[in-house]
1. Leaving ligands, DNA and RNA out of it, report the carbon-plus-sulfur percent of the accessible area of the chain at a 1.4 Å probe.
2. Just read off the accessible area of residue 32 with the full protein assembly in place, 1.4 Å probe, to the nearest 10 Å².
3. Relative to the longest principal axis of the C-alpha atoms of the chain, give the angle of the C-alpha long axis of helix 2-24, reported between 0 and 90° and rounded to the nearest 10°.
4. Would you compute, from DSSP H runs of 4+ residues alone, the mean residue ellipticity of the chain at 222 nm, taking -39500 (n - 2.57) per run and dividing by the full residue count, rounded to the nearest 500?
5. Roughly what angle does helix 56-73 make with the longest principal axis of the chain, taking Cα atoms, 0 to 90 degrees, to the nearest 10?
6. Any idea of residue 15's accessible area? Nearest 10 Å², probe 1.4 Å.
7. Over the chain, what relative contact order in percent results from Cα pairs under 8 Å that are six or more residues apart?
8. Compute the orientation-averaged projected area for the chain from the convex hull of its Cα atoms and round it to one decimal in nm².
Amino acid sequence: MYYFVEVACVIAEMWLIHLFLSSYFQKRQFPLWKFLLLYAIFGCIVTVFSLLENMVFARMLISILGVSVISILAFDAKPFHGLLSGIAFFAIVAVTDIVSAL
């Protein structure tokens, strides 16, 4: 059950990342399979880090870098804007986690 919940959370996170990035940047003219491949690779990496014990900080850094890479490769974002979008997305995630914990 634990693995199913983690994988479901990663899939939901991928969808939210796509919605977040597509609201700020224009998509590049890629075939659909390239977008899906990019998100699948990133999702697999995040899933591995989310299933490992005590890897929260490493998962967060990998996720910020992954969102930055996705925004640069799949969307029309410059590297600095990609990094800022990754940091902004996970700042929102952190705030909602803190609010929901309270």
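The values are calculated or read from the model by the stated rules, or taken from the named source; none is laboratory data. The structure presented is a predicted model; accordingly, all values stated were derived computationally and were not measured. Only protein heavy atoms, including side chains, enter the accessible area calculation; ligands, DNA and RNA are left aside. Shrake-Rupley method; radii C 1.70, N 1.55, O 1.52, S 1.80 Å.
1. Answer for the chain is 77 percent, counting heavy atoms of protein chains only.
2. Only protein atoms counted, so the area is about 120 Å².
3. 30
4. -28500 deg cm²/dmol
5. 10
6. Roughly 150 Å² of residue 15 is accessible to a 1.4 Å probe.
7. Details: 71 pairs, mean separation 29.7, N = 102.
Here the relative contact order equals 29 percent.
8. With every direction weighted equally, the projected area is 6.7 nm².
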